[in-house]
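Okay, so here's the structure we're looking at.
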Amino acid sequence: MIFEEKNKSENNWPEQTRQLLEKQKTSWKLCRNNYEALGRIQTRKYEFENFDIKIQLNPERITSSSADVGAPAIKLRKCFLCLENLPKEQECLVYNKNFVILSNPYPIFQEHFTISKKHHLPQTIIGNFEELLDITHALGKFYTVFYNGPKCGSSAPDHMHFQAVTKNEIPVEYEFCMMIEKLGPMVLRNGKIDVRFFEDHLRYFISFESQYKGELLFAFKTFVKAFKKISLLNEEPLMNIIATFHERSWRLIIFPRLKHRPHQFYADDESKLLISPAAVDMGGLLIIPRKEDFEKIKSEDIISIYKQVTLPKEYFEYLRKKIGEIFTK
Ligand SMILES: [Zn+2]
């Protein structure tokens, strides 16, 4: 592992991040091979009413998708995000003292990074949400940043990290404006923040859009407070977040979740589908590591998988009511 701690200018994080990956593709064979393989990867599209779901066959993601993220297994393994355990070829770009930017050697997109805390601290968005806004602001020119909760998609639930990928590649990002136009989801606005609730896309999600950090912090706090009331005690409410920064404004797309994996994941007969939904999957791109699953999956399976892992309608309605209260106070 090699440290890279050079130019600290706030303005060129996107360029430095891009350079890091280019460099790693030259110096690290595994990284280069996996990015090259991405160019030959198979994808397929399923058209639903007013939106698409894509699937990607990506065998290199098998470790991540099938990771045992239960507490006993996590305790037994060496943390792969701790600096001392990184592969010797891995270079780090130190970001604002607390985080390091790393090229992800098992990519889903042409550019894919892990942004992890320097120290071994648990994965949680509570206490790190402002960091998410700052990182998204810093990298927003080229990249989208996302968060996977410790119990819904993160393969390192014991080590705090975000991921960053090429902007506008996740379907929900490039479909967002069209979704608003065609379906006219309910919008709440007060001149400083727009909040929308999406119910017609197989999965339920909420968007926050604002150029004011304080408004986003408050809206998120309100969301978490309400979500905690309908979640298990002593556990972070299950969620994935996709964050972008464009024209001085943040957009956060939040997927509140009921559970991590659908029953097809655990099946041991021909109904098995090794799909473990995280932020990208909730965003409309299902990552499928096994060829047999890629070949047999049908649109009914996609509907079934989303239905199991998304928050049920009545819980979503509750969140909508509670978040709505910030606009009436
Ligand atoms: Zn660690």
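The values are calculated or read from the model by the stated rules, or taken from the named source; none is laboratory data. From a predicted model like this one, the values you see are computed outputs, not experimental measurements. As a convention, Cβ positions derive from the backbone with ideal geometry for all residues, glycine included, and neighbour counts pool all protein chains shown.
Numerical summary
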item: Exclusive hit being in contact with an Asp or Glu (Cβ under 6 Å, 6 or more places away or on another chain) and either at pLDDT 95 or above or within 16 Å of the ligand (Cβ to nearest atom) (or both), set Phe109, Phe99, Phe129, Phe162; result: Phe109
item: Tally of residues being more than 17 Å from Thr144 (Cβ to Cβ) and in contact with a Leu (Cβ under 7 Å, 6 or more places away or on another chain) across segment 87-101; result: 5
item: Conditions (1) part of a loop (DSSP other than H, G, I, E, B); (2) closer than 17 Å to Leu132 by Cα; number of the one not met by Ser207; result: (1)
item: Cβ pairs under 8 Å, 6+ apart, first in segment 80-104 and in contact (Cβ under 8 Å) with a residue 12 or more places away in the chain, second among the small types (Gly, Ala, Ser) and away from the ligand (no atom under 16 Å from the Cβ); result: Glu89/Ser27; Gln90/Ser103; Glu91/Ser27; Glu91/Ser103; Tyr95/Ala138; Ile101/Ala164
item: Which numbered condition His260 fails, given (1) surrounded by 12 or more Cβ atoms within 10 Å (Cβ to Cβ); (2) at pLDDT 95 or above; (3) more than 16 Å from Ile206 (Cα to Cα); result: (2)
item: Residue in segment 297-313 that is part of a loop (DSSP other than H, G, I, E, B), within 22 Å of Glu131 (Cα to Cα) and either in contact with a strand residue (DSSP E or B) (Cβ under 9 Å, 6 or more places away or on another chain) or free of Cβ contacts under 8 Å to residues at least 40 places away in the same chain (or both) present; result: no
item: Number of the condition not met by Thr136 [criteria: (1) closer than 28 Å to Lys228 by Cβ; (2) surrounded by fewer than 20 Cβ atoms within 10 Å (Cβ to Cβ); (3) not aliphatic (A, V, I, L, M)]; result: (2)
item: Within segment 82-96, considering residues that are within 14 Å of the ligand (Cβ to nearest atom) and aliphatic (A, V, I, L, M), the one nearest to Met160 (Cα to Cα); result: Leu83
item: Residue match in segment 238-257 (condition: surrounded by fewer than 19 Cβ atoms within 10 Å (Cβ to Cβ), within 23 Å of Ile206 (Cβ to Cβ) and of a type in the set (Ser, Thr, Tyr)); result: yes
item: When residues of segment 203-214 are limited to those that are in contact (Cβ under 8 Å) with a residue 12 or more places away in the chain and among the small types (Gly, Ala, Ser), the one surrounded by the most Cβ atoms within 10 Å (Cβ to Cβ); result: Ser210
item: Selection from segment 134-153 of residues that are part of a loop (DSSP other than H, G, I, E, B), away from the ligand (no atom under 16 Å from the Cβ) and not basic (Lys, Arg); result: Gly140, Phe142, Gly149, Cys152, Gly153
item: Residue in segment 215-225 that is aromatic (Phe, Trp, Tyr), buried (at least 18 other Cβ atoms within 10 Å of the Cβ), under 19 Å from the mean Cα position of the chain (by Cα) and in a strand (DSSP E or B) present; result: no
item: Failed item, numbered, when Cys177 is tested on (1) surrounded by 13 or more Cβ atoms within 10 Å (Cβ to Cβ); (2) closer than 23 Å to Glu47 by Cα; result: (1)
item: In segment 108-133, residue surrounded by the fewest Cβ atoms within 10 Å (Cβ to Cβ) [restricted to those that are of a type outside the set (A, V, I, L, M, F, W, C) and under 14 Å from the mean Cα position of the chain (by Cα)]; result: Thr124
